[in-house]
Amino acid sequence: RCNDMITDRDLEAFKFINRYGKSYVEVLGQTFFPAIQNARNRLNRLAKLKLIEYLNTGLMSPRRAVILKDEAKQILQDEFDIKAKKAKINTSTIHHNMIEQLADFYISKLDGWVERATVFEHSKKLHHVPDLIYHHEKGKIYIEVELSKKSPKRYVDIFESMKKDNVMMTIYVVKNETILRNFAESFPKWQR
């Protein structure tokens, strides 16, 4: 085993990659590493150690997803009792997933904790399933990643569902300010 070559940062990155089943050099370069090139260099070294591997996404950007190989999964199991997740690549949701991962990473640095919400696990107990749920001592906050705006009627329906879930607040995460302005125009006037 090459445990002596694995840093604490590598272990934290492994946990993060496993949380989603995959991540991306571009995401890891904005979270665990000071720059994308630093992430690329370290990931290439981990690939040579057969701890991670790359999967082609079929997109121009990001070209590849980063997934854990069996030895890294075994380290997570043995040292942290974390079960390995399978990587599922869906080209239509990759950019959404990247922004979700960035939001998850940085919101996790605050007090409280972040839960990744899935329709499969949460639809039975929630009226609206967000992308992430930030559990704060004052209450729960829904985190929604929006890449395209919905109709004002759809937002009214979503907000009504969120009220039933007793959500303290909802934070919408968008890619840039242009999308933010377009997005704000879709909100019902009473909800801006």
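The values are calculated or read from the model by the stated rules, or taken from the named source; none is laboratory data. Values in this document were obtained by computation on a predicted structure and should not be read as measured data. FYI the Cβ positions are ideal-geometry reconstructions off the backbone, even for glycines, and counts take in every protein chain you see. Accessible surface is based on the protein model in full, side chains and every heavy atom, while ligands, DNA and RNA are left aside. Shrake-Rupley method; radii C 1.70, N 1.55, O 1.52, S 1.80 Å.
For the stretch 142-155, give me each residue that is of a type in the set (A, V, I, L, M) and open to solvent by less than 10 Å² (accessible area, probe 1.4 Å). Full working, then the answer.
Going residue by residue through the stretch 142-155, those that are of a type in the set (A, V, I, L, M) are 143, 145, 147.
Those that are of a type in the set (A, V, I, L, M) and open to solvent by less than 10 Å² (accessible area, probe 1.4 Å): Ile143, Val145.
Leu46: of a type outside the set (D, E, K, R), under 19 Å from the mean Cα position of the chain (by Cα) and either more than 18 Å from Tyr106 (Cα to Cα) or assigned to a loop (DSSP other than H, G, I, E, B) (or both), yes or no?
Working: of a type outside the set (D, E, K, R): yes; under 19 Å from the mean Cα position of the chain (by Cα): no; either more than 18 Å from Tyr106 (Cα to Cα) or assigned to a loop (DSSP other than H, G, I, E, B) (or both): yes.
In short, no.
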Check: Looking at the stretch 123-135, is at least one residue at pLDDT 90 or above, touching a Gly at 6+ places or on another chain (Cβ under 9 Å) and open to solvent by 20 Å² or more (accessible area, probe 1.4 Å)?
Finding: yes
Next item on the list: Kindly establish whether Lys50 is among the charged types (D, E, K, R) and surrounded by 12 or more Cβ atoms within 10 Å (Cβ to Cβ).
Entry: yes
